[in-house]
Ligand SMILES: NC(=O)c1ccc[n+]([C@@H]2O[C@H](COP(=O)([O-])OP(=O)(O)OC[C@H]3O[C@@H](n4cnc5c(N)ncnc54)[C@H](O)[C@@H]3O)[C@@H](O)[C@H]2O)c1
């Protein structure tokens, strides 16, 4: 049986916007391709499957997915650099929405510039062409790393100078501009959010500069101490993964006329390692943080925004975060906490 027939009447995009009153004159079938099953992609895949039905969401990566992802619905091996296979997946599955998460992150990218350039830039070109040819709504995440030392850093607005000094940042500015260009030139429905550092409990960090803010919870719960790769006072914008994934769905579902731009900053909180440690110690008595600064990551962090101005996202499509620092720390430690120091302390 065809996937789409399993959903009575298919999906109407307007009803997916949580509107109970739909005036949409026609029903549009939706088949979603989610590429890149790393720290964020797995969470997004789970959310999309819950929301749109597991058989309407096709997952893809070049790495073996975890069992629960593989067993939970369709999975296809597809290399972002193979544009023919990408085209085949989109056509054969009548894909209408595509979430493009395949990338090399900041610290990993600096360690292998040619690969980062290929995956993050050539891979993006392949995605843009296929999406434009086949009328696919495309989401590509950008990052605080798309700004650089000459950008205003506290706060950083949507529109300002962007001169990043990492291949990761350069590739993300390129993605933002190419997506916007394809929107104006070919009518591609390109949507993009600049994520802060994303903190999640149930997946491993993918080699980004903000990884410390995930690892600290693993180590606090297990050992009661943590060695940080950034200096104590390094302030960066951060967001809990539930907020990040909800923002992604909300901007994808936002009516086209509400979007005044194609790329938006989204923000939740900003903190330093020292402030994060002060919050952790409230739950893990005796917790200790020490510092062993990684010069590559520190130089990257020193060129990134300290806080993000996301007033356009809040105004245009109603963005609102749910998690501030105290809720983040409670949530992360209760995930890691069973049978550990956190549980014993509470
Ligand atoms: N994690 C964060 O804090 C954060 C912050 C801002 C933006 N982002 C963006 O979100 C996206 C996902 O980030 P993440 O943290 O999940 O990254 P990740 O490194 O955990 O996952 C990236 C995935 O891309 C896949 N991939 C790499 N090369 C590929 C190729 N040639 N073909 C197909 N797949 C390939 C990898 O196998 C991996 O599963 C990225 O675009 C990243 O820039 C992440």
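Is it true that residue 177 is in the same structural domain as residue 153 (by TED's automatic domain parsing), free of Cβ contacts under 8 Å to residues at least 60 places away in the same chain and either assigned to a strand (DSSP E or B) or surrounded by fewer than 18 Cβ atoms within 10 Å (Cβ to Cβ) (or both)? Spelling it out, residue 177 is indeed in the same structural domain as residue 153 (by TED's automatic domain parsing), free of Cβ contacts under 8 Å to residues at least 60 places away in the same chain and either assigned to a strand (DSSP E or B) or surrounded by fewer than 18 Cβ atoms within 10 Å (Cβ to Cβ) (or both).
If you go through region 184-208 and keep only what is more than 12 Å from the ligand (Cβ to nearest atom) and either assigned to a loop (DSSP other than H, G, I, E, B) or surrounded by 18 or more Cβ atoms within 10 Å (Cβ to Cβ) (or both), you end up with 187, 188, 189, 190, 191, 201, 202. Looking at region 202-221, is at least one residue outside the structural domain of residue 114 (by TED's automatic domain parsing) and farther than 24 Å from residue 108 by Cα? Taking every residue of region 202-221 in turn, at least one turns out to be outside the structural domain of residue 114 (by TED's automatic domain parsing) and farther than 24 Å from residue 108 by Cα.
Listed conditions (1) within 26 Å of residue 337 (Cβ to Cβ); (2) at pLDDT 95 or above; (3) within 16 Å of the ligand (Cβ to nearest atom); (4) touching a helix residue (DSSP H, G or I) at 6+ places or on another chain (Cβ under 7 Å) are all met by residue 226, apart from (3). Of all the residues in region 39-64, those that are modelled with pLDDT of 90 or more and within 11 Å of the ligand (Cβ to nearest atom) number 12. Is it the case that some residue within region 219-237 is within 24 Å of residue 168 (Cβ to Cβ) and assigned to a helix (DSSP H, G or I)? Checked against the condition, which is being within 24 Å of residue 168 (Cβ to Cβ) and assigned to a helix (DSSP H, G or I), region 219-237 yields no hits at all. When each of 219, 211 is tested for being touching a strand residue (DSSP E or B) at 6+ places or on another chain (Cβ under 9 Å) and more than 14 Å from the ligand (Cβ to nearest atom), the lone residue that passes is 219.
Okay, residues lined up against (1) surrounded by fewer than 22 Cβ atoms within 10 Å (Cβ to Cβ); (2) in contact (Cβ under 8 Å) with a residue 24 or more places away in the chain; (3) under 18 Å from residue 225 (Cα atoms); (4) assigned by TED's automatic domain parsing to the domain that holds residue 187:
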site	(1), (2), (3), (4)
273	no, yes, yes, no
276	no, yes, yes, no
279	yes, yes, yes, no
285	yes, yes, yes, no
301	no, yes, no, no
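The values are calculated or read from the model by the stated rules, or taken from the named source; none is laboratory data. The shown structure was predicted, so the numbers you read here are calculated from the model rather than taken from an experiment. Quick reminder, even Gly has a Cβ in these numbers, built from the backbone with ideal geometry, and neighbours come from all protein chains shown.
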